[in-house]
Amino acid sequence: MGTGMSKNLVKAGHQVTVWNRTESKMKPVVEAGAKPAKSPKEVAKSSDILVTMVTDSSDVEEVLLGPSGAIHGAKKGDIFIDMSTISPRATKTIAAKLTEKGVEMLDAPVSGGVIGANNGTLSIMVGGKKEVYDKCLPILQAMGKTITYIGGNGDGQVCKAVNQILVGTTMLGVAEALVFAAKAGVDVEKVHAAVSGGAAGSWQLTNNGERLLKGDHEPGFKIKDYLKDLGIIMDTAAVSKIPLPATSLVHQMFRHCDAMGMRDKGTQAVVVAVEKLANKKLVE
């Protein structure tokens with residue numbers, strides 16, 4: 001996702017310096033007009049605003065605070081925008097450490113996948129100081145279409161967790177409903193068309209439901225990445241003592257998919273777990 005996001009920053013006229021843990025992944029962004037760097041520290045030295053897009057909380061900590069981390073090249077007044085999906089608690093801890101160095105932080109996780117990153121149409125949920133958000137809005141607008149200020153540090157990550165709860169529970173519902181129709185011997189394509197425009201309609205039903213009807217399990221967003229997000233959600237819920245019965249079931253179903261060797265398939269592939277339980281293929 002970082003490739004598309006970086007390209008859109010270049011396209012918007014920003015001077016962009018990039019670094020990636022896998023050097024070859026910088027090539028398309030450099031070809032688009034960005035300058036390469038050898039470390040996050042080097043990126044920070046040449047930037048006033050730094051954007052991170054990595055996998056998990058530990059990755060953000062390493063990139064921002066590690067031995068070659070961006071904090072060591074930052075200047076007082078710089079802004080770090082973390083667009084990864086990580087723990088709200090980790091976000092608050094990182095923000096506090098950056099504040100000690102005079103660096104502001106926004107947590108700005110996104111929804112929209114690789115397609116949204118490439119097209120600049122991501123939904124972005126932002127936590128941090130409102131005045132910092134206002135200053136960075138043009139940067140965010142280069143990468144996203146729907147940008148919402150949520151509240152303080154960590155609040156953007158909470159909003160992303162809400163997004164992922166809704167995505168997973170809805171996707172499991174779509175898979176279960178379509179397999180139910182198939183098992184009953186009904187024309188599943190007609191059922192899909194009938195319910196998509198009604199009260200049960202959703203992005204997951206319209207888009208991933210259509211992909212399921214074609215037998216397409218390839219990723220827009222991979223199961224292994226969604227399982228990481230589910231782990232964050234369940235850990236956060238445990239600390240807050242919030243029961244999440246539906247999300248817990250979603251977690252187990254996606255673990256089933258992981259156990260079947262499907263971790264690199266798209267989240268819509270949860271249908272395979274439902275098919276096994278029903279002993280019925282959606283697409284024969």
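Brief remarks follow.
- For the stretch 93-104, filtering for residues that are farther than 24 Å from S240 by Cα and open to solvent by less than 50 Å² (accessible area, probe 1.4 Å) leaves 3.
- Yes/no for S58 being within 22 Å of D229 (Cβ to Cβ) and open to solvent by 70 Å² or more (accessible area, probe 1.4 Å): yes
- Sole exception among (1) open to solvent by 10 Å² or more (accessible area, probe 1.4 Å); (2) out of contact with any Asp or Glu (no Cβ under 8 Å at 6 or more places or on another chain); (3) not aromatic (F, W, Y) for A90, by number: (2)
- Hits in the stretch 68-87 (condition: in contact with a Lys or Arg (Cβ under 9 Å, 6 or more places away or on another chain), more than 19 Å from G2 (Cβ to Cβ) and surrounded by fewer than 19 Cβ atoms within 10 Å (Cβ to Cβ)): H72, K75, K76
- The number of residues in the stretch 115-131 being surrounded by fewer than 20 Cβ atoms within 10 Å (Cβ to Cβ) and either in contact with a Leu (Cβ under 6 Å, 6 or more places away or on another chain) or closer than 22 Å to I233 by Cα (or both) comes to 1.
- Checklist (1) at pLDDT 95 or above; (2) in a helix (DSSP H, G or I); (3) open to solvent by 70 Å² or more (accessible area, probe 1.4 Å) applied to A237, failing item: (3)
Yes/no per residue for (1) of a type outside the set (V, I, T); (2) at pLDDT 95 or above; (3) open to solvent by less than 50 Å² (accessible area, probe 1.4 Å):
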site: V16; (1), (2), (3): no, yes, yes
site: W19; (1), (2), (3): yes, yes, no
site: M26; (1), (2), (3): yes, yes, yes
site: A34; (1), (2), (3): yes, yes, yes
site: A37; (1), (2), (3): yes, yes, yes
site: P40; (1), (2), (3): yes, yes, yes
site: A44; (1), (2), (3): yes, yes, yes
site: M53; (1), (2), (3): yes, yes, no
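- Odd one out for T247 among (1) surrounded by 14 or more Cβ atoms within 10 Å (Cβ to Cβ); (2) part of a helix (DSSP H, G or I); (3) more than 18 Å from the chain's Cα centre (by Cα); (4) not aromatic (F, W, Y): (3)
- Which listed residue is without any contact (Cβ under 8 Å) to a residue 12 or more places away in the chain, open to solvent by 40 Å² or more (accessible area, probe 1.4 Å) and closer than 26 Å to T236 by Cβ, from V162, V158, V186: V162
The values are calculated or read from the model by the stated rules, or taken from the named source; none is laboratory data. Being a predicted model, the structure only gives us computed values, none of them experimental. Positions of Cβ are backbone-derived with ideal geometry, glycine not excepted, and every protein chain shown enters the neighbour counts. Heads up: the accessible areas ignore ligands, DNA and RNA and are worked out on the full protein's heavy atoms, side chains in. Shrake-Rupley method; radii C 1.70, N 1.55, O 1.52, S 1.80 Å.
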